[in-house]
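Each reported figure results from applying straightforward, stated rules to the coordinates on display, with no laboratory input. Being a predicted model, the structure only gives us computed values, none of them experimental. Quick reminder, even Gly has a Cβ in these numbers, built from the backbone with ideal geometry, and neighbours come from all protein chains shown.
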Amino acid sequence: MYDPTMVPLACRIPETIRRALDERRRTSGETIDAIVEAALVEHLQAGWSTLFQVSTAGALVEGVHEGAVSVHFLKQHGDLGLGTFTNLDGEMVVVDGRCYQVRSDGSVREVDDAERSPYAVLTRFNPEPPVELGAFAGVAELHNRLNALRTTDNLFYAYQIDGLFEFVRTRAVPKVEEGTRLLAAAARQPEFDFHNVRGTLVGFWSPGYVKILTVPGYHFHFLTEDRKAGGHLLDCRARSLTARVEREANLRVALPETPSFLKADLSHDGSAELDQAEKQKGDRKNEPARP
Ligand SMILES: [Zn+2]
């Protein structure tokens, strides 16, 4: 299949290396492209785009939201990402290496490195050149635009999307008691509407086969350009945005050793409940902290 993210490379190599390459191709069945790519990745320590995740979405569904790792630890594994905080206290947005918390009162603060998180997904963002997204009228159309940029359904993708949004609707989960299931927490979430606001969407696309580990499909968190408002994305509309995309072929999951994770029953598939919680509309409508 033609992959527009791959580019040709021509170079001169010694005859002995060429013979070794042919021998490897013959014995392993790999293409020369694959052998050269693997050798260069190894030599240059490049190209291993890794998604780093703490805990599982299934654990979050079950109400395991005791802080497992510090924000300091998260920043060592990525400069772009999303997640939540101890007891689901708001929405995490990590952009340009800075970690922000969007609280259920609509306020945003840059969090201290000592704050803790029960669930987060990050990457050290090294995107392809930016792509202009044309006008779209809602989040489903945004997904279609981004689908057209994906070359496979079987790897992960990270996104940073910047520009002027005509409309954005977000939510921010309120802090809950220990053990509260995600769906119950999401039922109490306030929503926020923004009009004609500059900002950034940070997020990921994940394959369906990881549905017990992470949120399948698209998952975005929003932050305004002035970093004063944001939340988990429910809907948006824009005329033109700039998208930066990185394909991720490695997944690293750090599992919590907190008492609540160790004791939780994670044996059943909570993906339907997760899907409901991710898309659920709140029962309260709040004005954003700023116009
Ligand atoms: Zn979210």
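So, with +1 on the Cβ of K and R and -1 on the Cβ of D and E, and no other charges, what is the size of the charge dipole of the chain about its Cα centre, to the nearest 20 debye?
The calculated dipole for the chain is roughly 340 debye.
Quick one: which residues, 5+ away or cross-chain, put their amide H under 5 Å from the amide H of ALA229? H built at 1.01 Å from N.
Close amide H contacts, sequence-distant or interchain: THR224.
Amide H to amide H under 5 Å from ALA254: which residues, 5+ apart in sequence or cross-chain, H placed 1.01 Å off N in plane?
Placed amide hydrogens put GLN53, VAL54, SER55 under 5 Å from ALA254.
Output ³J(HN,Hα) for the range 240-253: one whole-Hz value per residue in order, computed from phi by the Karplus curve 6.51 cos²θ - 1.76 cosθ + 1.60 with θ = phi - 60°, and x for Gly and Pro.
In residue order, the calculated couplings are 7, 10, 9, 10, 10, 10, 10, 7, 10, 10, 10, 10, 10, 10 Hz.
Output the antiparallel fraction of DSSP beta bridges having both residues in the chain, as a percent to the nearest 5.
The antiparallel proportion sits near 90 percent.
With axes computed from alpha carbons, what is the tilt in degrees of helix 139-149 against the longest principal axis of the chain, rounded to the nearest 10 within 0 to 90?
10 degrees
If one takes the longest principal axis of the Cα atoms in the chain, at what angle in degrees, from 0 to 90 and to the nearest 10, does the Cα axis of helix 15-28 lie?
Helix 15-28 sits roughly 60 degrees off the main axis of the chain.
Would you mind checking the tilt of helix 32-44 against the longest principal axis of the Cα atoms of the chain, expressed as 0 to 90 degrees and rounded to 10?
The angle comes out near 60 degrees.
Per residue of the chain, what 222 nm ellipticity follows from adding -39500 (n - 2.57) for every DSSP H run with n ≥ 4, rounded to the nearest 500?
Mean residue ellipticity, 222 nm, calculated: -6500 deg cm²/dmol.
Toward the positive end of the charge dipole of the range 50-285, about the Cα centre and with charges on Cβ (Lys, Arg +1; Asp, Glu -1), which of THR86, PHE167, GLN101 goes farthest?
Checking the options against the dipole of the range 50-285, the answer is PHE167.
Mean separation of Cα pairs under 8 Å and 6+ residues apart, divided by the residue count of the chain: what relative contact order is that in percent?
Once normalised by length, the contact order is 25 percent.
Among the trypsin sites (Lys or Arg not before Pro) in the range 98-152, which ones are in a DSSP loop with at most 14 other Cβ atoms within 10 Å of the Cβ? Mind listing them?
ARG150
For the chain, modelled as a GNM with alpha-carbon contacts under 10 angstrom, which of HIS221, HIS268, HIS65 fluctuates the most?
Result: HIS268 has the largest fluctuation of those listed.
Can you run phi through the Karplus equation (6.51, -1.76, 1.60; θ = phi - 60°) for the range 264-280 and list ³J(HN,Hα) in whole Hz, with x for Gly and Pro?
5, 8, 10, 7, 10, 7, x, 5, 5, 5, 5, 4, 5, 5, 5, 9, 4
Could you check which residue among VAL108, VAL176, VAL36 shows the biggest mean-square fluctuation in a GNM of the chain with a 10 Å Cα cutoff?
VAL36
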